[in-house]
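Report on the structure given below.
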Amino acid sequence: MKTFSFTMRMLGVSLVLAGFMGFAHAEFPGREEKAPADMTLDDVKKISLQVDKFIADALRKEGKSLIGDSTDEQFVRRVYLNIVGRIPSYDEAVTFLDSDNANKRAELIDTLLNSPGYQSDMFNFWADILRAIHRPGPNSQTNAISYLNYVKRSIAENKPYDKWVAEMITASGGGWERSSGGAVGYLERDKGMPLDNLANTMQIFTGTRMECAQCHNHPHNEEIEQKDFFQMAAFTHGLKGPKERSYGNMQERRMYENAPQDVRNFVRQLRYDIFDFGVVGGGDGVIPLPDDYQYRDADPNEIVGARTMFGKSVRNARAKPIDDGRERFTEWLTTPENPRFTKVIANRLWKKVMGRGLFEPVDQLDMDVSVSHPSLLVFLEKLMVDLKYDMNAYQRILYNTRTFQFQPNPEEHTGSNYHFAGRVLSRMTAEQIWDSMLATTMPDVDERRGSHYLPFIQHRGRYVMVGKKDMYDLYEEAMNLEGRALYDWAAKTLKEFNGDGGVRAGEAMSMSMMDSGSAKGPMADDKRWAGYSSDLLRASELPSPARASHFLRKFGQSARQVIEGSTKESDVTQILSLINGHVEDYIVGSSNAVIYQDMEKAATPEEKIEVAFLTVLTRRPTDEEMQLFKSNVDTVGQGAYDDLVWTLYNTNEFMFVQ
């Protein structure tokens, strides 16, 4: 039984909190016409200096001064949180802090940008934007697995942003086709709501808020009328499932004569999971206006042709059906000449790196939007195009700027525009808090995979045919069948499922792994994680989003119902989760926790205290902090180390990105 000293913990929190709370102008080279996608470090530094010049010039114009450069302790913690979504482990922190390599910051940035942790963090970033939903279990959206794995693969491949967006909007075929890779899931996310999907597409990729115009002229933007909205929606109107099978047709007596009820139910489930999961059709290019349309420029139910609202005009002037509406729309959307497409992604990623956008909100690019550094935004747009929309390369440049590496700004920002005189202080996201605690609990967290995103076949709340057959196989078998043959196959397959018995998620994870979209192939248990709960997975490996009562949701993870629905707002339940919940259950109450294993290797109380500080706060303790906690060790004994660990996790210094 561990012993805890509550008074000592509160005293420690107060002490650590108390310790928490001249930019020299350089010669900057001129703007290069091209920034190669395969850049050397020298290339990166030259472009980074150009970014810094915009910030420095704006600060001088405003008469503002900088706080100074970040310390190594601040930098290593910040760059881990920004790029891989968690704090560094004790070994990672010490390796960096003890290095005397003059290029260690740039080299660490490159290492992290090419790590599994980067892919994990970027998935969280995009899942929030794309409203990616997947909850495994009975009556779940099983199909989302294919789409979310497509998102993960696109990030892992560092797919160019323009190509990635184009793939999602123009994707065709069945959602479980191995070749399509689940890209149709973007359109299927709003299945049955094509107008909502168009509104979301415009908001995400062009920063244009059109949702109000579905029903009437936009009340806050006179340039967006209801007719404009429907003409945009015409590009993607008329899409269908890959194999149209109405429920009535599938229930015709000639198809299911003598078929048991459980077989009929199974075929009905196939309709939702396979037959109706996918998209075919190029987009009609025409659409009828609603029957309650009330404006003078058209009549109710009038057929209108596709037309873009801004940029180089694309239109179906004669309002005749076409077969390539989505292609036309996508070409217009993703071209560098589109005045909003590049601007929005350049600003989104700037905010991800720097903590605040050059304009806010990042997805509301109204005509009167206030941009803090207009010339810099133009520069970044050109840079994104020069880099051929390589998001990894773009972020590499930003992370190497002095702007990113400045000291945190202790002053609260209250204005509309931020001058980036220092790093914006902000609380970690829910995923960063969870993953940071996980990194101090178990080893090699970025490499651990769960079963939630494997394409297992679910039957009666369990996974069946694990290692033998997966959803891709089921799709290939079922899509080629018609009529009675479908029911005969369904009866045979259902018998296999019932005879299999199935396994639960934890067992499935140890039995199978995903290999190029297949769940086949044995996977031995990894001894690194023996003794750790199967629930201890990075947020990107857990159901997306987590259940409502989960730690992640308590700390603001998005429910994925609206674009970027996450929050960093605090409440009492979060405090209770830290004081009496997660920290006690998984860290302080577990001798298996990595932080205790590292502390155990230390020879003296002073070294153990230093290990704790470096693990949780990524810095060494001050003399005053060392004296306080060493005194507690002398008084309380071993229990003092539990008090120390608990105290550090419950400080604002742990919770904030400096």
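Restricting segment 483-502 to residues that are surrounded by 13 or more Cβ atoms within 10 Å (Cβ to Cβ) and within 11 Å of residue 459 (Cβ to Cβ) leaves a set whose member that is modelled with the lowest pLDDT is 502. Taking each residue of segment 256-281 that is closer than 18 Å to residue 192 by Cβ and looking for partners that are part of a helix (DSSP H, G or I) and at pLDDT 80 or above with beta-carbon atoms closer than 6 Å, six or more apart or interchain, yields 274/475; 274/478; 279/187.
Pairs meeting the criteria (first residue in segment 593-608 and under 19 Å from residue 632 (Cβ atoms), second residue in a helix (DSSP H, G or I) and of a type in the set (Gly, Ala, Ser), beta carbons under 6 Å, at least 6 apart or on different chains) are lacking.
How many residues does segment 55-70 hold that are of a type in the set (Ser, Thr, Tyr) and more than 17 Å from residue 373 (Cα to Cα)? Total satisfying the criteria: 1. The condition (being assigned to a helix (DSSP H, G or I) and closer than 26 Å to residue 148 by Cα) is satisfied by just one residue among 91, 121: 121. Within segment 607-631, work out how many residues are surrounded by 14 or more Cβ atoms within 10 Å (Cβ to Cβ) and over 25 Å from residue 658 (Cβ atoms). Going through segment 607-631 one residue at a time, the tally reaches 1. Filtering segment 359-382 to residues that are of a type in the set (A, V, I, L, M) and more than 15 Å from residue 53 (Cα to Cα) leaves 362, 365, 367, 369, 371.
Residues being under 24 Å from the mean Cα position of the chain (by Cα), of a type in the set (S, T, N, Q) and in a loop (DSSP other than H, G, I, E, B): count how many of those fall in segment 188-221. Summing the residues that are under 24 Å from the mean Cα position of the chain (by Cα), of a type in the set (S, T, N, Q) and in a loop (DSSP other than H, G, I, E, B) in segment 188-221 gives 1. None of 90, 118 is modelled with pLDDT of 95 or more, of a type outside the set (Asp, Glu) and under 18 Å from residue 440 (Cβ atoms) except 90. Kindly indicate whether any position in segment 97-119 is more than 30 Å from residue 620 (Cβ to Cβ) and not hydroxyl-bearing (Ser, Thr, Tyr). Looking through segment 97-119, at least one residue is more than 30 Å from residue 620 (Cβ to Cβ) and not hydroxyl-bearing (Ser, Thr, Tyr). Filtered by the rule that a residue be within 21 Å of the chain's Cα centre (by Cα) and part of a loop (DSSP other than H, G, I, E, B), segment 360-403 gives 360, 361, 362, 363, 364, 389, 390.
In segment 301-315, of all residues being buried (at least 16 other Cβ atoms within 10 Å of the Cβ) and touching an Asp or Glu at 6+ places or on another chain (Cβ under 9 Å), the one that is nearest to residue 290 (Cα to Cα) corresponds to 306. Hey, does segment 317-328 have a residue that's closer than 30 Å to residue 144 by Cβ and over 32 Å from the mean Cα position of the chain (by Cα)? There is at least one residue in segment 317-328 that is closer than 30 Å to residue 144 by Cβ and over 32 Å from the mean Cα position of the chain (by Cα).
The values are calculated or read from the model by the stated rules, or taken from the named source; none is laboratory data. Owing to the predicted nature of the structure, the values given are computational and were not obtained by experimental measurement. Methodologically, a virtual Cβ is constructed for each residue, glycine included, from the backbone with ideal geometry; neighbour enumeration extends over all protein chains shown.
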